[in-house]
Amino acid sequence: MEQEAARARSIRDRIWEAARNIPEVRRWTTEPALPGHLHLGFPGAEGDSLIMLLDGRGEDASTGSACSAGVNRASHVLAAMGVDAQVARGALRLTIGPDVTLEDAQRVAGELPGVVEQARAAGMAFG
């Protein structure tokens, strides 16, 4: 079990190392944390745009908590943390499961800056 946790943590951290260089990125996953969980925010980008752009590249992601997957609104968890609703709408949640490889993480890490730039260029759907 610890070996799997270390593997997931390593993959998560690889994605974060790339994401941390994206302007204005927010990291809402704080330590201690689930090893395979990374919750990020990209102000100025619509979360739905982020997941559609990633999906178009064959990547899976979500915008909110696992219990609210498929719901099109800012995360109630982020609201409870005091995150501004406009900022929370740029949320992206990545979960590293047992089938995710380091190569997958490297691919996502390489795609993420362009995906965020594209989503920000598209703007927010609602004021």
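Listed values, structure above:
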| item | result |
| --- | --- |
| Correct choice for mean projected area of the Cα convex hull in nm² that was computed from the model, options [x] 14.3; [y] 7.5; [z] 12.5 | [y] |
| The chain: most fluctuating residue of A80, A91, A109 per GNM, C-alpha cutoff 10 Å | A80 |
| Mean separation of Cα contacts under 8 Å, 6 or more apart, over the residue count of segment 1-48: relative contact order % | 38 |
| Neighbour-count order for D60, D104, fewest beta carbons within 10 angstrom listed first | D60, D104 |
| Residue order, fewest to most surrounding Cβ atoms within 10 angstrom, among T30, T63, T95 | T30, T95, T63 |
| Residue-wise HN-Hα coupling along segment 100-111, computed from phi with Karplus coefficients 6.51, -1.76, 1.60 (Hz; x: Gly, Pro) | 7, 10, 4, 5, 4, 4, 5, 5, 4, 4, x, 7 |
| Relative contact order computed over the chain (Cα-Cα under 8 Å; 6+ residues apart), in percent | 35 |
| Long-range HN-HN contacts of H37 with modeled amide H, under 5 Å | I96 |
| Value of [θ]222 nm, deg cm²/dmol, for the chain, DSSP H segments ≥ 4, -39500 (n - 2.57) each, nearest 500 | -14000 deg cm²/dmol |
| Sites Q106 and M81 - FRET efficiency at Förster radius 35 Å, r taken between beta-carbons, to 0.05 | 0.75 |
| Selected from A85, A45, A74 as most flexible by GNM, with the chain as the system and alpha-carbon contacts under 10 Å | A85 |
| Derived scalar couplings ³J(HN,Hα) [segment 80-86; Karplus, 6.51 cos²θ - 1.76 cosθ + 1.60; whole Hz; x for Gly, Pro] | 5, 7, x, 6, 4, 4, 5 |
| Ranking of I15, I22 by count of other Cβ atoms within 10 Å, fewest first | I22, I15 |
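FYI, it's all coordinate maths here, none of it is from the lab. Every value quoted in this text rests on a predicted model; they were computed, and no experiment measured them. Counting neighbours? That spans all protein chains shown, and the Cβs are built from the backbone with ideal geometry, glycine included.
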